[in-house]
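K.L.:
For reference, the structure I am asking about is given below.
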Amino acid sequence: MSLPVRTLPIVERWDCHGCGRCCRGTIIELDADDLRRLRAQGWEEHPDYRGQAIVARRGLWRRRDHLAKRPDGSCIFLLPDGRCRIHREFGMEAKPLVCQMFPLQIVPLDQFAYVTLRRFCPSAAADRGRPMDEHRATARDLVERWQKRPRPAAPPPLVRGRRSSWNDVLVVADALGRLVRDATYPLVRRLVHALEFCDLLESCRFDRLEGSRLVELASLLEAAAVRDSGQWFQNRQAPDPRTARLFRQTVFEYLSLHPRHTPDHSWKARWRLLVEATRFHRGSGKASRHGLPFPKATFESLECARGPLAQTVLRPINRWFEAAVASLRFSVLARRSWPVVESFRAMALGFPVAMWTLRLTCADRAPEVDDALEVVAMLDRGETYAPLVGRRHRLRVTAMTRRAGLARLAAWYAR
Ligand code: SF4
C-alpha cells in the first residue's frame, strides 16, 4: 500500500532558481529505470562524452550505480550555465528520478507520508517560492512513478529499550514541535527546552505510560522543561574538555559537507586531512579549515562571545529546525533504529555546530544570510551522512549527554 502524501503543518516555500548547487558534491543513485533511460539516450555516442563513463559504481559488498562526477565533484551533466544537459536535451522526465524529486523529500509515517524540502537547496532554505501546497500534485505524481513508493514505517522507540506505538511517538513529536516552535523564546532557548524535555522523558518509568497518560505526562514535562532550562543561560559555561573534544570531532565531520568544500582524493589532501583531524582533536592553536576558503583563526578565538545573530541571519537556521521537527525526519529517515530522544539530541547538536561554523566562516565580520544558508545546507546533508547517523556518532552524542554537554554547548556558542 502506498501512503497518501501531505504537506507539513508549517508552511514551506520553494521554487527552483537554477543555481545548480544540487548538481555539485551530491551522489545521485540510479535505479534500473534510470539506467534504462540513460542507456536509451545514447550518451556513449555523444562527442562530448565518448570514452567517458557516465555511470560509476561504489560499495564493496552491495554495488550501487550513481551518476559519474567530474574531478571537482560536479555532475558530469552539469553545464557551465548551471543547467542540466539531460534536461536540456531530453526534458525533465528524462533525468534520474532523484534529480526530478530534489529538493522534495518524502518522510513516511504510518498513515501518510509528509512531503518536505531538503534545505540543502538554497531556495528551499530561504523559503523562496510558492508554498508547498502548490507542489503537492507534482510530489504525488513523482511518488506514483517512484519505484520506492512510501510504505508505512515502523515506529521508532521513544527511549532506549522501550517499544512504542505510532500514537506514542506522535504525542512526543507534538510536544517537541510545540517547544521548538514556541516563538516567545529565541531558538537556542527553545532547543534547550526540547533537550531538557528529552532528558526528563528518558528518566520516567514507562511501564504504564501510553495513550492519555502519556499525553498528560508530556504536557507536565513540557512545563517542567521550560521552567528548569534557565540554569543553562544564567551562567553560561564552556563545555568540559571531553565534551569539547567530542564536539570538535562532530564539527570536523560536518565541515566536509559544507557546500564550499571541494572533495579532493589526492594523497596530499589525505595527509592534510590527517593533520587537520589531529589539530581538531587537540583543539588549540591554529584552527583547521578543512580546505575551506575561510579566514585564518585560532581555536581559542572561536570561543570568544560574538553577541546574538541578526534575526534575518538566524531565520534559515530556525526554519531548518522547525521543518525537521515538524516532519519527524530527524527520527524516521536515517536514524530509524535510534530512540526518538537520541535522534533529537543528534539533530539539536547541529545548533552549536552551526554557530561554531559561522564563527569559523566569518572571523571578525558579522555573519550574513548567505553564510547561514550555507550552514543550513551543511546541517541538511548531515541528516543522511553515514558518519553522522551511525553507531560511532550515537556513542559520541550519548557521551556528551551524560556530561550534560548538549544544552551547555548550545548556550555557550549562542552567546
Ligand atoms: S539547488 Fe535548488 S534552486 Fe538550485 S538548481 Fe537545485 S533545486 Fe534549483
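Coordinate-derived values only; no laboratory data. Because the structure is predicted, anything quoted here is derived from the model rather than measured. Cβ placement follows ideal geometry from the backbone for every residue including glycine, while neighbour counts extend to all protein chains displayed.
K.L.:
Can you tell me the order of 94-104, 76-86 when each peptide is scored by its average per-residue count of other Cβ atoms within 10 angstrom, highest first?
P.N.:
94-104, 76-86
K.L.:
Taking the Cα centre of the stretch 5-145 as origin and charging only Cβ (+1 Lys, Arg; -1 Asp, Glu), how large is the dipole, in debye to the nearest 20?
P.N.:
The calculation lands at about 420 debye.
K.L.:
What value does the stretch 277-353 have for Rg/Rh, both radii from Cα atoms and Rh as Kirkwood defines it?
P.N.:
1.06
K.L.:
Now a separate question. How large is the dipole of the stretch 155-415 about the Cα centre if only Lys and Arg carry +1 and Asp and Glu carry -1, each at its Cβ, rounded to the nearest 20 debye?
P.N.:
Its charge dipole is roughly 920 debye.
K.L.:
Now for a different question. For the charge dipole of the stretch 295-388, defined by +1 on Lys and Arg C-beta atoms and -1 on Asp and Glu C-beta atoms about the Cα centroid, which residue among Val369, Leu333, Thr298 has the Cα displaced farthest towards the positive pole?
P.N.:
The residue sitting farthest along the positive end of the dipole is Leu333.
K.L.:
When N counts the residues of the stretch 5-145, how does its alpha-carbon radius of gyration compare numerically with 2.2 N^0.38 Å, as a ratio? Each step should come with its number before you reach the end.
P.N.:
Details: Rg = 16.1 Å, N = 141, 2.2 N^0.38 = 14.4 Å.
Cα-based Rg divided by the globular estimate yields 1.12.
K.L.:
Show me the ranking of peptides 361-367, 164-170 by mean Cβ neighbours inside 10 Å, starting with the highest.
P.N.:
Details: 361-367: 14.3, 164-170: 17.6.
Going from most to least packed, we get 164-170, 361-367.
K.L.:
Per 5 Å bin, what is the whole-percent P(r) computed from every C-alpha pair distance within the stretch 151-229?
P.N.:
Spelled out bin by bin, the stretch 151-229 gives 3, 16, 27, 24, 16, 10, 4, 1 percent.
K.L.:
Assuming 0.36 nm per residue, please report the length gained on full extension of the stretch Tyr49 to Ala366 beyond their Cα-Cα distance.
P.N.:
Taking Tyr49 through Ala366 to full extension adds about 109.7 nm, to one decimal.
K.L.:
So, by mean Cβ neighbours within 10 angstrom, what's the order for 278-286, 185-193 with the highest one leading?
P.N.:
Result, highest mean first: 185-193, 278-286.
K.L.:
Applying 1/(1 + (r/R0)^6) with R0 = 35 Å to the Cβ-Cβ distance of Arg62 and Leu395, what FRET efficiency is obtained, to the nearest 0.05?
P.N.:
Computed FRET efficiency for Arg62 and Leu395: 0.90.
K.L.:
State the answer as a single residue: which of Phe90, Thr26, Pro71 lies farthest towards the positive end of the charge dipole of the stretch 5-145, with beta carbon charges of +1 for Lys and Arg and -1 for Asp and Glu, about the Cα centre.
P.N.:
Of the options given, the answer is Pro71.
K.L.:
Using a Cα-Cα cut-off of under 19 Å, which aspartates and glutamates could be cross-linked to Lys95, ignoring same-chain neighbours fewer than 8 residues away?
P.N.:
Asp15, Glu29, Asp31, Asp33, Asp34, Glu44, Glu45, Asp48, Asp65, Asp81, Asp141, Glu144
K.L.:
Subtracting the Cα-Cα distance from 0.36 nm times the residue separation, let me have the gained length for Arg160 to Arg272 in nm, one decimal.
P.N.:
36.5 nm
K.L.:
Another question, if that's okay. For the stretch 80-156, what is the convex hull (Cα atoms) projected area averaged across all directions, in square nanometres?
P.N.:
Numbers: hull surface 26.0 nm².
Projected area, direction-averaged: 6.5 nm².
K.L.:
How many percent of Cα pairs in the stretch 317-415 exceed 22 Å?
P.N.:
Distances greater than 22 Å cover 28 percent of the Cα pairs.
K.L.:
Where does the chain land at 222 nm, in deg cm²/dmol rounded to the nearest 500, when only DSSP H runs of n ≥ 4 count, each adding -39500 (n - 2.57), divided by all residues?
P.N.:
Values: 19 runs with 201 residues, N = 415.
Helices in the chain give a 222 nm mean residue ellipticity of -14500 deg cm²/dmol.
K.L.:
Name every cysteine in the chain that ends up alone, with no second cysteine's Cβ under 4.7 Å, or say none.
P.N.:
Flagged as lacking a Cys partner: Cys16, Cys19, Cys22, Cys84, Cys99, Cys121, Cys198, Cys204, Cys304, Cys362.
K.L.:
Could you give the length gained on full extension between Arg39 and Asp228, defined as 0.36 nm per residue of separation minus the Cα-Cα distance, in nm? Please list the in-between numbers first.
P.N.:
Values: separation 189, 0.36 × 189 = 68.04 nm, distance 6.04 nm.
Gain in length upon complete extension: 62.0 nm.
K.L.:
Under the definition of Cα pairs under 8 Å and six or more residues apart, what whole-number percent is the relative contact order of the stretch 122-277?
P.N.:
On the way: 69 pairs, mean separation 22.8, N = 156.
Once divided by the residue count of the stretch 122-277, the mean separation gives 15 percent.
K.L.:
Then there's this: For the chain, what is the Kirkwood estimate of the hydrodynamic radius, computed as the reciprocal of the mean inverse distance between distinct Cα atoms, to one decimal in Å?
P.N.:
Value: 22.6 Å, from the Cα pair sum.
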